[in-house]
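Note sheet for the following structure.
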Amino acid sequence: MRRGFWPVAGWVYLGLLAVFSLLPMAWMLITSIKTQFAAIQFPPEWIPSHPTLDAYAELLSPSREIGRVFLRYLLNSLWVSTATTVLGVIVAVPAAYAFSRFRFPGRNLLFYAVLLRNMFPAVVFLMPLFIMMRWLGLVNTQFSLILTYLTFGLPLSIWLLKGFFDNIPIQLEQAARIDGASRFQAFLLVVMPLSSPGIIATAIYSFIQAWNEYVYALTFLNDDAKLTLPVGLQHFFTEYATNWPGLMAASFIMSVPVVAMFLVLQKYFVRALTDGAVKS
Amino acid sequence: MVRHRADYLYVAPAILVMGLVIAYPVWFTFYLSVFSTPPNLALEDKIFVGLDNYGRILGADSVREASLNTLVWTVASTGFAFVLGFGAALALNRPFRGRGLLRGTLLVPYVISAVAAAYVWRWLLHSDLGVISALAMASGLRSTPFNFLDNTDTVLASLIMVNVWKEFPFVMIMMLAGLQTVPDQLLRAAQVDGAGPWQRFWHITVPHLGNVSLVTILLLLAANFNGFTIPWVMTGGGPAGASEIWITQIYQLAFGRIRFGLASAYSVILFAVMMTMGYFYVRALVGKDRPS
Amino acid sequence: MAEVRLENVRKGYGEALAVDDLSLTIADGEFVALVGPSGCGKTTTLNMIAGLLELDGGEISIDGRRVNDLDPKDRDIAMVFQNYALYPNKSVRKNLAFPLQMRGMARGEIARRVDEAARMLDIGHLLERRPRELSGGQQQRVALGRALVREPKVFLMDEPLSNLDAKLRVQMRSELKRFHQDLKATIVYVTHDQLEAMTMADRMAVMHGGKLQQYDTPERVYAHPANAFVASFVGSPAMNLIPARLTETGIAGDGWQLALPPALLARARQAGSAGVLLGVRHGAIGLLPAATPGAVEARVLTVEPTGDITFLNLRLGESALVASAAPDRHFTPGQPLWLEFDMARLHLFDAASELAL
């Protein structure tokens, strides 16, 4: 590229956008290493004069009241997200494989139904699901969340995995079948090993979705001990004061794993998110 | 030999789960929308009221105000996010050192949980202690702090800004992927034919991005129309209903006031609007498979 | 090794039939090429023999046993794919061993056979590599090796050479031929390249539009094409096909006429053809510098020297045709030439049915 107006404008634009993107994260981190007293100064200390990891220590020590609660939420979130992910992969892999490989009647109709799911407003589902969960005796259980996340995650998981399966030449399976494998063996011995990066990416994506989910968790759970992290954050708002360093530290702990996972697997997710829209 | 019947077995578990958790609720929402439900949710005591619930929703002043907010929130969030994200995609669509890192950086808002984002922004925009106000004052732009979220005139715009912050990376990666499908040869051919950068962009790049843009915008419209977490966590619809949108009203109606019948009617209305958008979304997706 | 027999095989995709009533017998130890343009049904046929596609009608038997309802793994066949279909996550050794493992063969026997196949194909030094670390030709050999180790009844090959560059393709062609001569294997070979079929096959089955056009040795298919399609498909450059009508003494086109031997003329008369296509290969056309009785006048359009032989594009009346000459002769575009046809190598096809007369 030659030097000129557009490249320079591009750099300036990207720079400003990067600041916009990262400013909240930066301030989250800075606030989290302040004391409560320092945090509520105005104008604020731009760089904490007495940085401290107290907020983190408090959150992570089981002996403190706040730590006990936080660690419980953390474990709850881990459990719900992991269960969702594992079940999701088990259900989505065969379905995605079928969508990728078989030409059965109704296949297209089914797939557009899957795509339409992207448009379904979560809040519309809240009431009937809430009543259904009540009827099944699942309200205020984490199983209600797992079931819901599983369902709402499936379409995208299937789509994502289908993309990975599509990229595995069908001749490999045919070769395996001629070499003496049954259809299932061909899938297990040839397709699965080749698609494991895709399956891992899909799994992590559904993990992140479940980890971040708020609306259903807010509605289905009311027992304080069962809350997941996103809902649990409200714990830092009391009638009298907000524990900003604690809230920021908790937000930070909650965000780090997903941001890290996403950035490491960026390539797969970007592909997954965009494939359907740009590929015909 | 494996016949088609067996093929369905692979899909069956997924269909079953989705049928249970998607099809049934849709039907049930329609069903509930013609009943008045008691606040203790004892559904055997519900009373059939025909289309009364719809009439009450459509006639309510608060719904009318929220409708305007919903429109502004949905359209403005989508528009700004699209422009911002498309710009980023264009700027990123050339090789340079650190491109991956920069793209990763710009993706952070998209990945972070909406709740954490909402809390952080609530803190950034705090009326007394907010760092945005502090920055504006420190640079001499203002002498007093902003009241971003406690002012009925600015609250919706503030929420839209946060929403745009969260969503522009999505546009960025969609459009970036779209840009990569623009055939290089065509661009070079145009360059040889004497087209300048701006003409190449307008005559070759833009036409190629039509479908991606359409799908991206529709997905954004849907996501924003259903956007709940940011307004709910940041303002809960306040102050004085100034940031109330359909979704927050439905939630408040259903789980604040436990009026499921009424809230269902409201949901059906929202659902109808969504499905209209969904129709165009599927058409956009299917349409590009066919030669036009 | 075994005989492969196809009887009235039919495969339909929607309205159009991909394979239409195909009957074909491939003898034990024979190398048969299924050849035709893309979409002619040759790959579909191969996939049905392999068991990767179900038949919609008819019967396939291998070694006297009906295999219609057998899984690919139970048909005792091996297949070489166009893109080789090597398992990318397995080493060459494991690729070769896979079909044997699938059949539960003892480890020692597997090792022995893998080594033997590797030696035979000269890929012993590649055994620990992954497919993506191999060149196209090496991948080709591994694919062949994977088919070989099993010692199957039938080898199926789906355009195995078409991903190779031209030079390597010629080399692999002769290797495949030697491979067949050494093993006396039954081979069904699919290709769109008539030259591959001509050079390698014992018999070639020319397919078009799902139908078998001609099934015979390459020499006979070349010398006696059954119809105008086969005539134009086999041989390069293609046989000239010139529309003409029957006259008292022979045939005539716009602005030219040609006397035919009485026997040939009688055959055409008998068939009652209104119009005919005159088929003549470039080698059967003599080029004379001056008007001669029995020769027809044509005009040179372009001259294409290739080194060994010079091709000429000519205009005869309203038709274009290709002739050839020795490289030392000189021609100028626009110059008139008189064509003398080798009557023994002339073909006539009915213009309507396109069948040979």
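Values in this text are rule-based calculations from the coordinates and carry no lab data. Because the structure is predicted, anything quoted here is derived from the model rather than measured. Backbone-built Cβ (ideal geometry, glycine too); neighbour counts: all protein chains shown.
What to note about this one:
- With the convex hull drawn over the C-alpha atoms of region B:32-143, the volume per residue is 232 Å³.
- Calculated on alpha-carbon atoms, Rg and Dmax of the protein assembly as shown in Å: 36.8, 119
- Taking Lys and Arg as +1 and Asp and Glu as -1, the other residues whose beta-carbon sits under 12 Å from that of A:Arg68 total -1.
- The HN-Hα couplings worked out from phi for region A:131-145 by the Karplus form 6.51 cos²θ - 1.76 cosθ + 1.60 (θ = phi - 60°) are 5, 5, 5, 5, 5, 7, x, 9, 4, 6, 10, 6, 5, 4, 5 Hz, whole numbers, x standing for Gly and Pro.
- The convex hull around the C-alpha trace of region A:63-278, projected and averaged over every direction, spans 15.2 square nanometres.
- A cut-off of 5 Å between modelled amide H atoms, ignoring neighbours fewer than 5 places along the same chain, links B:Phe35 with B:Val49.
- The C-alpha atoms of chain C define a longest principal axis, and helix C:136-148 lies at about 60 degrees to it.
- Relative contact order (%) - criterion: Cα under 8 Å, at least six apart; region: chain B: 29
- Spatial separation of Cα centroids for region A:37-101 and region C:36-65, in angstrom: 58
- Translational diffusion coefficient of chain C (Stokes-Einstein, Kirkwood radius from Cα pairs, 37 °C, 0.692 mPa s): 144 µm²/s.
- Its Cα centre serving as origin, region C:240-350 has a Cβ charge dipole (Lys and Arg +1, Asp and Glu -1) of approximately 200 debye.
- Within a Gaussian network of chain B (alpha carbon springs, distance under 10 Å), most fluctuating of B:Ile57, B:Ile173, B:Ile112: B:Ile112
- Taking θ as phi - 60° and the Karplus parameters 6.51, -1.76 and 1.60, the scalar couplings of region C:323-330 work out to 10, 9, 8, 5, x, 7, 7, 10 Hz in sequence order, x denoting glycine and proline.
- C:Lys184-C:His125 pseudo-label distance in nm [points 7 Å out on the Cα-to-Cβ vector]: 3.4
- Its DSSP H runs of at least 4 residues, each contributing -39,500 (n - 2.57), put the calculated 222 nm mean residue ellipticity of chain B at -21000 deg cm²/dmol, to the nearest 500.
- Cut-off under 5 Å, modelled amide H: who pairs with B:Phe146 long-range: B:Ser133
- Of all DSSP beta bridges confined to the protein assembly as shown, the antiparallel ones make up roughly 75%.
- The convex hull built on the alpha-carbon positions of region C:247-324 has an orientation-averaged projected area of 5.9 nm².
- Per-residue ³J(HN,Hα) for region A:72-82, Karplus 6.51 cos²θ - 1.76 cosθ + 1.60, θ = phi - 60°, Hz, x for Gly and Pro: 5, 4, 4, 5, 4, 4, 4, 4, 4, 5, 5
- Against the main long axis of the alpha-carbon atoms of chain A, helix A:244-264 sits at an angle near 30°.
- Between region B:212-256 and region C:152-182, the Cα center-to-center distance that results, in Å: 64
- If the segment from C:Ala271 to C:Leu70 were pulled out straight at 0.36 nm per residue, it would be longer than the present Cα-Cα gap by 67.8 nm.
- Relative to the 2.2 N^0.38 Å rule of thumb, region B:61-287 has a C-alpha radius of gyration ratio of 1.19.
- Cβ-based charge dipole, the protein assembly as shown, positive-most Cα from A:Leu87, A:Phe207, B:Leu220: A:Phe207
- Database remark: amide H of C:Ala2 closer than 5 angstrom to the amide H of C:Gly29, C:Thr186 (H placed geometrically; neighbours at sequence offset of 5 or more, or on other chains; Pro and chain starts carry no H).
- Estimated purely from DSSP H runs of n ≥ 4, each contributing -39500 (n - 2.57), the mean residue ellipticity at 222 nm for chain A is -23500 deg cm²/dmol once divided by its residues.
- Scanning chain B for DSSP H helices at least 30 Å long along the axis (C-alpha atoms) with a Kyte-Doolittle mean no lower than 0.5 picks out B:61-92, B:155-179, B:260-287.
- Degrees between helix C:92-102 axis and first principal axis of chain C (Cα, 0 to 90, nearest 10): 70
- Estimated from the Cβ-Cβ distance and a Förster radius of 22 angstrom, the FRET efficiency linking A:Leu23 and A:Leu53 is about 0.50.
- Each DSSP beta bridge with both residues in region C:4-225 is either parallel or antiparallel, and the antiparallel ones are about 50%.
- Pairs exceeding a 24 Å alpha-carbon distance, out of C:Lys73/C:Lys94; A:Lys162/A:Lys267; C:Lys73/C:Lys153; C:Lys73/C:Lys184; A:Lys226/B:Lys46; A:Lys162/C:Lys11: A:Lys226/B:Lys46; A:Lys162/C:Lys11.
- Contour excess over end-to-end distance, with Cα ends at B:Val83 and B:Thr181 and 0.36 nm allotted per residue: 33.3 nm
- With a Förster radius of 41 Å applied to the C-beta separation of A:Asp224 and A:Phe102, the computed FRET efficiency comes to 0.30.
- Per residue, chain C reaches -8000 deg cm²/dmol at 222 nm when only DSSP H runs of four or more residues are counted, each adding -39500 (n - 2.57).
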